[in-house]
Amino acid sequence: MDYISEVIEMVIRKNPSEYEFHQAVKEVLESLRPVVEANEEKFRREALLERLVEPDRQILFKVPWVDDKGNVQVNTGYRIQFNNAIGPYKGGLRLHPSVNKGIIKFLGFEQIFKNSLTGLPIGGGKGGSDFDPKGKSDREVLAFCKSFMTELCKYIGADTDVPAGDIGTGAREIGYLYGQYKKIKGTCEGVLTGKGLTYGGSLVRTEATGFGLVYLTEEMLKAHGHSIAGKTVAVSGAGNVAIYAAAKAMELGAKVVTVSDSNGWIYDKAGIDVKALKEIKEVRRERLTEYLKFRPEAEYHEGQGVWQVKCDIALPCATQNELLLEDAKALAENGCIAVAEGANMPTDLEATKYLQDKGILFAPGKAANAGGVATSALEMSQNSERLSWTFEEVDEKLKGIMKNIFFNMSDAAKEYGAEGNYVLGANIAGFLKVADAMMAQGIW
């Protein structure tokens, strides 16, 4: 059995039932075959792949808190510190009922390569809890956050591990978590990113993942003689990434016609009203059914179906494995020319391969949605310098980072004989930097 197959088999055997983690490891390692086969003797001797797929630390802890009825609730907290060869662990905290160790490990593993691609000195990690902030009062969310951070604070720090937001963890949650960290540690440091602008946050951080997704998509289109201007775009999700991807795409001349949440999706043939979407999701925190009160001519559909809509560009921005083989077939039949992942691994392996085989441009999430963590790293820099950069300064740096990510993954794909295969290119470009750092620092 070859080295990559051995490691994949080992991961499945050692981590039973962690299917998302298996999927992520298989997708990355299979795409690294050209590099691994050229360096197999050295990598085997160093057990490089075995060390890469094994987290440095897996932290699980209970999170007891009291609800508004006076009842004690107990959730599970996670922090997976995966790899810090190139810098402090960096990755978000996901608060959602679906959270389990396997999902956090998949996200942390992906984060290694995403963070490497930014060109910034940040390692890979991820965390969260099966706590659901939806439907909870501010007091209940505060109670949970204080309990969660009371345990998590033992393992994080500005030069050790810097968490950020993710699904379910927005400005409110980051504020509560940071307040508890300060109270326990007695220090003001850039230990969390996504903070409010009044206490060390960075401009553009809210918009960064969505903006960055569109900047990279535009760069990919330009490399193939296209432009986002005049194109019809289908977006899934209705959180930060989806909202600001829609906003930036429309600013650049595209027409975004869909958004979705966990209950259903909107089709607005005139183009999504981003202002209304922000009001519903960011201010009122309501379901998408409310969109029809702003735009009665739009259509609301229960369940899933975004990828059945005719579009030129698809931006999956909701969650993992939301775009499956049948969805990929529908996109191809409807003339889609590009798919760029705004979420983490939203396209499963079968769908990804189908899209690539059909010649549809495909930008993987570890590259396309790296704008969020890139701007988080810029927030860390501002915190260290006790400075605050302007919106224009941060946005320009973000744009430059996303352009460099595209060129780096494009060049890597070309170098290894797979020009235009941006999945392979992103994985190789991200991996080589981490592998070099790991081997330079010895065995630990």
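FYI, it's all coordinate maths here, none of it is from the lab. Everything numeric here is computed off the predicted structure, so don't read it as measured data. Reconstructed Cβ throughout: ideal geometry from the backbone, glycine too, with neighbour counts over all protein chains shown.
Among the complete DSSP H segments of the chain, which ones combine at least 15 Å of alpha-carbon extent along their axis with a mean Kyte-Doolittle hydropathy of 1.0 or more?
Correct list, ordered by number: 422-440.
Using packing as a proxy for protection, rank 82-91, 172-181, 414-423 so that the peptide with the highest average count of other Cβ atoms within 10 Å comes first.
Result, highest mean first: 82-91, 172-181, 414-423.
In whole Å, what are the Cα extents of region 3-188 along the three principal axes, biggest one first?
Answer, in whole Å and largest first: 60, 35, 22 Å.
I need the peptides 239-245, 321-327, 207-213, 117-123 ranked by packing, meaning the mean over residues of other C-beta atoms within 10 angstrom, with the highest value on top.
207-213, 239-245, 117-123, 321-327
Given the Cα-Cα distance of residue 310 and residue 158 and 0.36 nm per residue of separation, how much length would full extension add, in nm?
Here the segment from residue 310 to residue 158 would lengthen by 50.2 nm.
Arrange the following residues from fewest to most other Cβ atoms within 10 Å of their Cβ: 114, 105.
With the sparsest Cβ surroundings first, the list reads 105, 114.
Please state, rounded to one decimal and in Å, the Kirkwood hydrodynamic radius that region 208-363 gives when every pair of distinct Cα atoms enters the mean of 1/r.
Computed over Cα pairs of region 208-363, the Kirkwood hydrodynamic radius comes out at 15.1 Å.
Of the cross-linked pairs 183/399; 231/358; 248/293; 90/134; 358/397; 231/278, which ones have a Cα-Cα span greater than 27 Å in the structure shown?
183/399; 358/397
For residue 69, list the aspartates and glutamates whose Cα falls under 16 Å from its own Cα; do not include residues on the same chain fewer than 8 positions away.
Partners within reach: 138, 140.
Just want to confirm a number: the relative contact order over the chain, from Cα pairs under 8 angstrom separated by 6+ residues, in percent.
Contact order relative to length: 15 percent.
DSSP loop GluC sites (Glu not before Pro) in region 216-314 with at most 14 other Cβ atoms within 10 Å of their Cβ, which ones?
286, 297
P(r) for the chain: what percent of alpha-carbon pairs falls in each 20 Å bin, starting at zero?
27, 60, 14, 0
Taking the number of other C-beta atoms within 10 Å as the exposure measure, put 291, 300 in order starting with the fewest.
Sorted ascending by nearby Cβ count, the order is 300, 291.
Using +1 at the C-beta of Lys and Arg and -1 at the C-beta of Asp and Glu, which of 217, 245, 262 has the Cα lying farthest in the positive direction of the dipole of region 216-276?
Farthest towards the positive end: 217.
Going by how many other Cβ atoms sit within 10 Å of their own, how do 311, 145 line up, fewest first?
Fewest-to-most Cβ neighbours within 10 Å comes out as 311, 145.
From the helices alone, meaning DSSP H stretches of at least four residues, give me the mean residue ellipticity at 222 nm for the chain, per-run term -39500 (n - 2.57), in deg cm²/dmol to the nearest 500.
Here the helix-only value at 222 nm equals -14500 deg cm²/dmol.
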